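Written out below as structure tokens is the structure these notes cover.
The values are calculated or read from the model by the stated rules, or taken from the named source; none is laboratory data. All figures in this text were calculated on a predicted structure; none of them were measured in a lab. We place every Cβ from the backbone using ideal geometry, glycine too, and count neighbours over all the protein chains shown. The protein model used for the area step is the full one, side chains on, heavy atoms only, and it has no ligands, DNA or RNA in it. Shrake-Rupley method; radii C 1.70, N 1.55, O 1.52, S 1.80 Å.
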Amino acid sequence: MRSISTINSSELSRSTDMGNKQIKQHLETAQKTGVLKISLQRLQEFPPQLKSYPNVLKTLDLSENRFESIPEELGRLTMLKHLNLSGNRLSELHEVVGELLKLEVLLLMNNFLTKLPKSLNNCTHLKTVNLCNNQLKEFPSMLCGLKQLDVLDLSRNQITEVPSEVGSLYVTELNLNQNQISVLAEEIADCPKLKTLRLEENCLQAIALTPRILKDSKICNLAVDGNLFNSKQFTDLDGYDIYMERYTAVKKKMF
């Protein structure tokens, strides 16, 4: 009779072989479709085949694996428009991501990222960036000035301050829920397209929402529950009525 450890070892070997065959099939198909999805494979290292893979990929999904870093070779995939690295163990993002000049969607939620490379500023076609549930402590200012960027999700991080550079952020929606924000630069009122601002469960005092933010911005959906003030303090703020006019006007258009 074989021991349990022998059986498990054998099963693990078969499972690995099956996984390698699946990856090989995915790689072959992706050369025709431009879409490569290798998620939920418990991979700790990038498939070596990717290091010399033809530059044909437009979508690369490597989510829900165990990657702690990404290789420089990723920068070769300059046709990429959609990159999903969510659900891994990344603590840093290699500068090489800034070479993906056609990138439109970058999904990095559920990692351990503490900082982002400045080279992301090169990705001028970015439309959606999701960094939810990481360990970022600073607002990623390198994303400011990207004129195609529409949605930025920074919820569930450790950001303490929204800096003045935010005024050149072009998003229509900014999610900062569940951070540790106590400082909100009023330059956020200068955001040319910002309509939805989510600031729930932070450390803001009511005075952080200055008259300039409430009166002069384009924000028409402001979520602030779970901060260091109550609803009456919010509604008593100078400029609240003007904000509510924008809010009501948008609601009327929806019905």
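Brief remarks follow.
- Ligands, DNA and RNA are left out, and with a 1.4 angstrom probe the accessible area of the stretch 147-248 is 46 Å² per residue.
- Structure note, pairs 147/195; 218/252; 81/215; 193/251; 58/218; 37/251: Cα-Cα distances above 27 angstrom occur for 81/215; 58/218; 37/251.
- With respect to the chain, whose longest principal axis is taken over its alpha-carbon atoms, helix 4-33 is tilted by about 70°.
- Think of the stretch 38-123 as having a plus end and a minus end, set by charges on the Cβ of Lys, Arg, Asp and Glu; of 86, 117, 47, 86 sits farthest toward the positive end of this dipole.
- Farthest toward positive dipole pole in the stretch 136-254 [+1 Lys/Arg, -1 Asp/Glu at C-beta], among 191, 229, 209: 191
- Axis of helix 240-254 versus longest Cα principal axis of the chain: the two differ by about 60°, to the nearest ten degrees.
- Accessible area ranking (1.4 Å probe, heavy atoms, ligands and nucleic acids excluded), largest first, for 254, 79, 142: 254, 79, 142.
- Between the stretch 38-55 and the stretch 204-255, the alpha-carbon center distance in angstrom: 47 Å
- Here the label points at residue 49 and residue 115, each 7 Å from Cα along the C-beta direction, are separated by 3.6 nm in the simple model.
- Cα gyration tensor category, rounded, prolate or oblate, for the stretch 163-234 with a/c compared to 1.5: prolate
- A simple charge model with +1 on the Cβ of Lys and Arg, -1 on the Cβ of Asp and Glu and nothing else charged puts the dipole of the chain at about 960 debye relative to its Cα centre.
- Bridgeable aspartates and glutamates around residue 115 (alpha carbons under 16 Å apart, same-chain partners fewer than 8 residues away excluded): 68, 92, 95, 138, 153, 161.
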